[in-house]
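The values are calculated or read from the model by the stated rules, or taken from the named source; none is laboratory data. The structure displayed is predicted, hence computed values, not measured ones. Using ideal geometry, Cβ is built from the backbone for each residue, glycine included, and neighbour counts are taken over all protein chains shown.
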């Protein structure tokens, strides 16, 4: 490990919060991390870290070196990006992260198709619903619902993702199809629950255009969107789903959209985020492949729901 690599290792230690975190990120032994940081301090002739058994913190010199390490990482990333523009064929590796459901349904399809076209590209694909630091963790692309708050990242809209309320024919045969909010709120529902939060309220707009909420009667909680759909398919409860979760279940009559007159608020928009404005060739080509699976202004998943454009929409003025 040379001087520049040791400087970047210091950055890993601070961003991961510990020697253990840096060793896991680099997949090297913790003792190697400790020795390399000590060697860096010896080379510079200054102490960089204050260490205790429970924590570590930067010295004033360490903070200056950390700033230099960030500049070095940025320069190296920009250099790699610039070099990619001179290749006629994409080369190297591609690291991608995505929210779980969108990743399983669409990004994975794009990964497989992309590797068929460009087998020389190595791809690492990670599913994770938590917000990650793309730069610190070395990802080229991230796919998220909603625009990231990190203003240092480039974010581009991919596709909208609307909501619908569904039930199976057998469920509706037993309970009847609800026509009012109060009738819907009395029906057993499957709801999304993650990290201690239960999404049992669904936003809609009343006749005056003001925000209001449906309070679902929770019968089943899960942190997997696919399980919400399965719960509705089994015929025991209703589910509020995102349109991209739907496959051919509505087309085949296995699920029926209900309360379609209700103007539901959109769930959100899918964004692709990346660290640098100038995308390397490999990254641009991957996004082009992904578009074939998700569509454009009208997402392909909405085309699998007959007449969906007219459902759950607010009245337009005029």
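Could you please give the count of residues in the stretch 138-159 that are modelled with pLDDT under 90, in a loop (DSSP other than H, G, I, E, B) and in contact with a helix residue (DSSP H, G or I) (Cβ under 9 Å, 6 or more places away or on another chain)?
The qualifying residues number 1.
If I ask for residues that are part of a helix (DSSP H, G or I) and touching a residue at least 24 places away in the same chain (Cβ under 8 Å), which ones from the stretch 176-193 would you list?
181, 184, 185
Listed residues 290, 255, 241, 300; which is under 30 Å from residue 136 (Cα atoms) and touching a helix residue (DSSP H, G or I) at 6+ places or on another chain (Cβ under 7 Å)? Break it down stepwise before answering.
On the way: 255 fails: under 30 Å from residue 136 (Cα atoms); 241 fails: under 30 Å from residue 136 (Cα atoms); 300 fails: under 30 Å from residue 136 (Cα atoms).
Residue meeting the stated conditions: 290.
Here are some conditions: (1) part of a loop (DSSP other than H, G, I, E, B); (2) modelled with pLDDT under 90; (3) exposed (fewer than 14 other Cβ atoms within 10 Å of the Cβ). Residue 132 meets all but one. Which one does it not meet?
So residue 132 meets the others, but not (3).
Restricting to the stretch 160-175, name every residue that is more than 28 Å from residue 296 (Cα to Cα) and either at pLDDT below 95 or part of a helix (DSSP H, G or I) (or both).
169, 170, 171, 172, 173, 174, 175
Residue by residue through the stretch 104-137, note down the ones that are in contact with a helix residue (DSSP H, G or I) (Cβ under 9 Å, 6 or more places away or on another chain) and either within 22 Å of residue 246 (Cα to Cα) or assigned by TED's automatic domain parsing to the domain that holds residue 11 (or both).
Correct list: 104, 105, 106, 107, 109, 110, 111, 113, 127, 128, 129.
Report whether or not residue 250 is outside the structural domain of residue 133 (by TED's automatic domain parsing), touching a residue at least 40 places away in the same chain (Cβ under 8 Å), in contact with a helix residue (DSSP H, G or I) (Cβ under 9 Å, 6 or more places away or on another chain) and not in a helix (DSSP H, G or I).
Against the criterion (outside the structural domain of residue 133 (by TED's automatic domain parsing), touching a residue at least 40 places away in the same chain (Cβ under 8 Å), in contact with a helix residue (DSSP H, G or I) (Cβ under 9 Å, 6 or more places away or on another chain) and not in a helix (DSSP H, G or I)), residue 250 qualifies.
Given the options 234, 224, name the one that is under 26 Å from the mean Cα position of the chain (by Cα) and outside the structural domain of residue 145 (by TED's automatic domain parsing). Steps first, answer last, please.
Details: 234 fails: under 26 Å from the mean Cα position of the chain (by Cα).
When all the criteria are applied, what remains is 224.
Out of curiosity, is residue 272 outside the structural domain of residue 171 (by TED's automatic domain parsing), in a strand (DSSP E or B) and surrounded by 17 or more Cβ atoms within 10 Å (Cβ to Cβ)? Spell out the reasoning first.
On the way: outside the structural domain of residue 171 (by TED's automatic domain parsing): yes; in a strand (DSSP E or B): yes; surrounded by 17 or more Cβ atoms within 10 Å (Cβ to Cβ): yes.
When the stated conditions are applied, residue 272 passes them.
When residues of the stretch 26-40 are filtered for being out of contact with any strand residue (DSSP E or B) (no Cβ under 8 Å at 6 or more places or on another chain), surrounded by 12 or more Cβ atoms within 10 Å (Cβ to Cβ) and in a helix (DSSP H, G or I), how many remain?
So the answer is 10.
Against the definition (farther than 30 Å from residue 247 by Cβ, touching a helix residue (DSSP H, G or I) at 6+ places or on another chain (Cβ under 9 Å), in a helix (DSSP H, G or I) and without any contact (Cβ under 8 Å) to a residue 40 or more places away in the chain), how does residue 23 come out, yes or no?
Numbers: farther than 30 Å from residue 247 by Cβ: yes; touching a helix residue (DSSP H, G or I) at 6+ places or on another chain (Cβ under 9 Å): yes; in a helix (DSSP H, G or I): yes; without any contact (Cβ under 8 Å) to a residue 40 or more places away in the chain: yes.
When the stated conditions are applied, residue 23 passes them.
Pull up the stretch 277-300, narrow it to residues that are surrounded by fewer than 17 Cβ atoms within 10 Å (Cβ to Cβ) and part of a loop (DSSP other than H, G, I, E, B), then point me to the one that is modelled with the highest pLDDT.
The selected residue is 298.
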